[in-house]
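Undergrad: Provided herewith is a single structure, encoded as structure tokens, for subsequent inquiry.
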Amino acid sequence: VSVARTLSVALSGLEGALVEVEADLSPQTPLFRIIGLPDKSLGEAVQRVHNACVNRGIALPRRRLTVNLSPASLPKHGSGFDVAIAVAALATERGMDAAKVAETVHLGELGLDGRLRPVPGVLPAVVAAARSGVRRVVVPWANRDEAELVAGVEVCGAVCLADVVRWHGLDVDAPPLEPVTLTDDSAVDDHVPELADVIGQREAVDALLVAAAGGHHLLMSGPPGAGKTMLARRLPGILPELDDAAALAVASVRSLSGEPVTRLSRIPPFEAPHHSASVAALVGGGSKIVRPGAIARASEGVLFLDEAGEFATSALDALRQPLESGSIVIHRAGITAAYPARFQMVIATNPCPCGNYGVRGAECVCPPQAIRRYLGRISGPLLDRIDIELSLRRVSVASHGALAVDAMTTAQAKERVAEARRRAAHRLRDTPWTRNAEVPGPWLRQGPRAPEPVVRRPIDAALHRGMLTLRGYDRVLRVAWSLADLAGRGAIDVSDVGRALYLKKGVPA
Ligand SMILES: [Zn+2]
């Protein structure tokens, strides 16, 4: 044999494409090179592959060896092609099952000692391989559980390069090595905090229910200690569980982030980036390797921005486009990566930098300009996407007992949300939308389910008096529909509109 072929996968964001790895041996002076648009990290594969082979006692042929990755037009980056390159190179001369080698996708980085090191993105890569008809994959031992989440694919979890070539029928004698494992222990936790544990914030819990029912973005303002974070953390537990496709997408983003993925979670993700987070940490990016940001990790779940007024303006501005499109495209030095960003946003803010503005019995020490600037950060484009604005107060100890008696549990809230969502999806079955938050204004105002004049009267009046913008008008209608869905009504009535107006802060009902 002088030519050998095998397969790997190039990822661009969550999308993967098969890459053919072809090794060609010619009888000239020893030289080992890789062609086909490799980046720097991939270029270093020559050294890693060479050492790995030598150290596992399966040295490369001492002749001219050219490895070509095709299609050449496809950008390839990272170290995940090492194993495919090594196997193709070795198969030019050594007796392996050529047919099996040719139809197997190899993923993984090689350590200099010949061990397979885990790589990010194994799950989306195996998904892409399976979609292309591939039925066999070789992955690093640490990534085997992740690869096995994809149905219909035979997975070989290899500790070292000798395991891989043995799997392909070559008998090599190499002492066993300890597998490289993932050190990150941030495994998915399916525990959701109990809604009934929220004491004395009945109105806020109701607003959370409405937000969940309609998929509405939510703003909570209130002093420290009012329970904003406690409430936000309870939103994923009352949202509908993820279906197969969504659960796989969520796990794929975690995989790309380099987290261990051992199973699919049905609980919508919850991401709470710190206000000091960089734009790259928030929306994705990175200097060498592009990684998904918090908004991609929150896709299909909840993005919680606590102390939103403390985030950099550039970071908040970067949220505008993904909020519009439901995805984020990152461009970095010839690399384009698209990630999903279909998240429900919960923004929390103090009323002012010191947190005491408007709080009874406390003194605000902030100058008026500072307060305006603080709240101004999250106004405008971001605020335009928020349907519900909620003011929270600290709950006094005295009110605890009375309000906790009939508290709604997470299970009860989840069932009510699911029922409301079913009603909305049924009503919107002939449209491109499934949740109230997605429905555009013209459809709300003029569509087949537009409310009667008598129902619209309070908001028509507010609009004409200039107390409500047209966007605000549409937000009220959206929320009114979620209230009607929760109440099990087939149309919105005046009380829904009144309540929706109330949930839009600063507008009298
Ligand atoms: Zn203050």
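Undergrad: Taking the condition of being at pLDDT 90 or above, within 37 Å of the chain's Cα centre (by Cα) and not polar (S, T, N, Q), how many residues in segment 64-88 meet it?
TA: 12
Undergrad: For residue 50, work out the one condition from (1) under 30 Å from residue 254 (Cβ atoms); (2) in a helix (DSSP H, G or I) it doesn't fulfil.
TA: For residue 50, the failing item is (1).
Undergrad: Looking for whichever is free of Cβ contacts under 8 Å to residues at least 24 places away in the same chain and buried (at least 16 other Cβ atoms within 10 Å of the Cβ) here; the options are 280, 232, 272. Which one fits?
TA: Working: 232 fails: free of Cβ contacts under 8 Å to residues at least 24 places away in the same chain; 272 fails: free of Cβ contacts under 8 Å to residues at least 24 places away in the same chain.
Checking each option against the conditions leaves just 280.
Undergrad: Now a separate question. Which ranges mark the strands (runs of 3 or more DSSP E) fully within segment 292-398 that have 1 or more residues being more than 30 Å from residue 240 (Cα to Cα)? Full working, then the answer.
TA: Details: elements: 302-305, 327-332, 335-340, 344-349, 386-391.
Ranges flagged: 327-332, 335-340.
Undergrad: Being surrounded by 18 or more Cβ atoms within 10 Å (Cβ to Cβ), within 16 Å of the ligand (Cβ to nearest atom) and of a type in the set (Gly, Ala, Ser), is that true of even one residue in segment 367-384?
TA: Within segment 367-384, not a single residue is surrounded by 18 or more Cβ atoms within 10 Å (Cβ to Cβ), within 16 Å of the ligand (Cβ to nearest atom) and of a type in the set (Gly, Ala, Ser).
Undergrad: Restricting the first residue to segment 339-355 and requiring it to be more than 16 Å from residue 390 (Cβ to Cβ) and among the small types (Gly, Ala, Ser), which pairs with a second residue that is within 16 Å of the ligand (Cβ to nearest atom) and in a loop (DSSP other than H, G, I, E, B) meet a Cβ separation below 8 Å and a spacing of at least six or different chains?
TA: Matching pairs, first to second residue: 355/223; 355/224.
Undergrad: May I pose another question? Are there strands (runs of 3 or more DSSP E) fully within segment 104-176 with at least 1 residues that are surrounded by 21 or more Cβ atoms within 10 Å (Cβ to Cβ), of a type in the set (S, T, N, Q) and in contact (Cβ under 8 Å) with a residue 40 or more places away in the chain? List them.
TA: 104-106
Undergrad: In addition: Just name the residue that is nearest to the ligand (Cβ to nearest atom) out of those in segment 329-349 that are within 24 Å of residue 252 (Cβ to Cβ) and among the β-branched types (Val, Ile, Thr).
TA: Restricting attention to segment 329-349, the residues satisfying the condition of being within 24 Å of residue 252 (Cβ to Cβ) are 329-346.
Going one step further and asking which of them are among the β-branched types (Val, Ile, Thr), we end up with 329-330, 335-336, 346.
On the way: 329: 39, 330: 37, 335: 44, 336: 44, 346: 22 Å.
So the residue we want is 346.
Undergrad: Among the residues that make up segment 498-506, is at least one of them within 16 Å of residue 215 (Cβ to Cβ) and either in contact with a Pro (Cβ under 7 Å, 6 or more places away or on another chain) or surrounded by 14 or more Cβ atoms within 10 Å (Cβ to Cβ) (or both)? Break it down into steps so the answer makes sense when it comes.
TA: Quick first cut of segment 498-506, residues within 16 Å of residue 215 (Cβ to Cβ) only: 500, 503.
Restricting the remaining residues to those that are either in contact with a Pro (Cβ under 7 Å, 6 or more places away or on another chain) or surrounded by 14 or more Cβ atoms within 10 Å (Cβ to Cβ) (or both) gives 500, 503.
Within segment 498-506, one or more residues are within 16 Å of residue 215 (Cβ to Cβ) and either in contact with a Pro (Cβ under 7 Å, 6 or more places away or on another chain) or surrounded by 14 or more Cβ atoms within 10 Å (Cβ to Cβ) (or both).
Undergrad: Kindly indicate which of 352, 364 is among the hydrophobic types (A, V, I, L, M, F, W, C), surrounded by 22 or more Cβ atoms within 10 Å (Cβ to Cβ) and within 16 Å of the ligand (Cβ to nearest atom).
TA: None of the others qualify; the one that does is 352.
Undergrad: Every residue in segment 437-489 that is without any contact (Cβ under 8 Å) to a residue 40 or more places away in the chain and assigned to a loop (DSSP other than H, G, I, E, B), please.
TA: 440, 447, 448, 450, 452, 465, 466, 468, 469, 489
Undergrad: Okay, moving on. Considering segment 74-95 alone, what residues qualify as being of a type in the set (A, V, I, L, M, F, W, C) and crowded, with 24+ Cβ neighbours inside 10 Å?
TA: Once the filter is applied, which keeps residues that are of a type in the set (A, V, I, L, M, F, W, C) and crowded, with 24+ Cβ neighbours inside 10 Å, segment 74-95 yields 81, 83, 84, 85, 86, 87, 88, 89, 90, 91.
Undergrad: Just the residues that are under 20 Å from residue 120 (Cα atoms) and either at pLDDT 95 or above or exposed (fewer than 15 other Cβ atoms within 10 Å of the Cβ) (or both), please, taken from segment 22-46.
TA: 40, 43, 44
Undergrad: Please identify the pairs in which a residue from segment 301-312 that is in contact (Cβ under 8 Å) with a residue 24 or more places away in the chain has its Cβ atom under 8 Å from the Cβ atom of a residue that is part of a strand (DSSP E or B) and of a type in the set (Gly, Ala, Ser), counting only partners at least 6 apart or on another chain.
TA: Listed pairs, sorted by first residue: 304/348; 305/348; 306/348; 307/348; 308/348.
Undergrad: Would you pick out the residues in segment 101-151 that are small (Gly, Ala, Ser) and in contact with a helix residue (DSSP H, G or I) (Cβ under 6 Å, 6 or more places away or on another chain)?
TA: 108, 114, 121, 147 - these are the residues of segment 101-151 that are small (Gly, Ala, Ser) and in contact with a helix residue (DSSP H, G or I) (Cβ under 6 Å, 6 or more places away or on another chain).
Undergrad: Of all the residues that make up segment 324-349, how many are crowded, with 19+ Cβ neighbours inside 10 Å and either of a type in the set (A, V, I, L, M) or touching a Phe, Trp or Tyr at 6+ places or on another chain (Cβ under 9 Å) (or both)?
TA: Counting residues in segment 324-349 that are crowded, with 19+ Cβ neighbours inside 10 Å and either of a type in the set (A, V, I, L, M) or touching a Phe, Trp or Tyr at 6+ places or on another chain (Cβ under 9 Å) (or both) gives 9.
The values are calculated or read from the model by the stated rules, or taken from the named source; none is laboratory data. From a predicted model like this one, the values you see are computed outputs, not experimental measurements. Cβ: placed from backbone, ideal geometry, glycine included. Neighbour counts: every protein chain shown.
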